[in-house]
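The block underneath contains the structure these notes are about, expressed in structure tokens.
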Amino acid sequence: MKLSKVHHIAIICSDYEKSKYFYVNILGLTIIKETYRVARDSYKLDLMIGQDCQIELFSFASPPKRPSYPEAAGLRHLAFLVEDIEKAVEELQEQEITVEQIRIDEITGRRFTFFPDPDGLPIELYEE
């Protein structure tokens, strides 16, 4: 088997409208398709990241909370590349989003930071 790239990342949110606003209006992702699934009383929002990757944003009634310990087994965080991390942080802070202090990756020497999505999912910005 040969994997060629990441196709999509699936995220389940607790407040669909709040998360839709966050990913579309604050992070600037483009809507590909929005589907309401009557049988599940659930939305599925397909969002484009750049040219090659998508986020599938799902809503479900009363989803369980995500474990919050950062070193728990499983998916740890979602990371996006940005050209100018200081500008990106400033734009998030203008939207009243709390962003951690910019740090330096001790292995690559590149700058990065974290902030939460509306459900507390850790999102990393990593400077190109």
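Scanning segment 96-124 for residues that are more than 16 Å from Asp84 (Cα to Cα), part of a loop (DSSP other than H, G, I, E, B) and out of contact with any Phe, Trp or Tyr (no Cβ under 7 Å at 6 or more places or on another chain) returns Glu96, Glu106, Ile107, Thr108, Asp119, Gly120, Leu121. Applying the criterion of being loosely packed, with under 12 Cβ neighbours inside 10 Å, charged (D, E, K, R) and modelled with pLDDT under 95 to the residues of segment 1-36, the residue that is nearest to Ile123 (Cα to Cα) is Lys5. From the list Asp41, Asp84, the one residue that fits, being in contact (Cβ under 8 Å) with a residue 12 or more places away in the chain, in contact with a strand residue (DSSP E or B) (Cβ under 9 Å, 6 or more places away or on another chain) and assigned by TED's automatic domain parsing to the domain that holds Pro122, is Asp84. Just one of the listed residues (Tyr23, Tyr36) is in contact (Cβ under 8 Å) with a residue 60 or more places away in the chain and on the phi < 0 side of the Ramachandran plot, namely Tyr23.
Can you name the residue in segment 56-84 that is among the aromatic types (Phe, Trp, Tyr) and either at pLDDT below 75 or part of a loop (DSSP other than H, G, I, E, B) (or both) and, of all such residues, is surrounded by the fewest Cβ atoms within 10 Å (Cβ to Cβ)? Out of the qualifying residues, it is Tyr69.
The values are calculated or read from the model by the stated rules, or taken from the named source; none is laboratory data. The shown structure was predicted, so the numbers you read here are calculated from the model rather than taken from an experiment. Methodologically, a virtual Cβ is constructed for each residue, glycine included, from the backbone with ideal geometry; neighbour enumeration extends over all protein chains shown.
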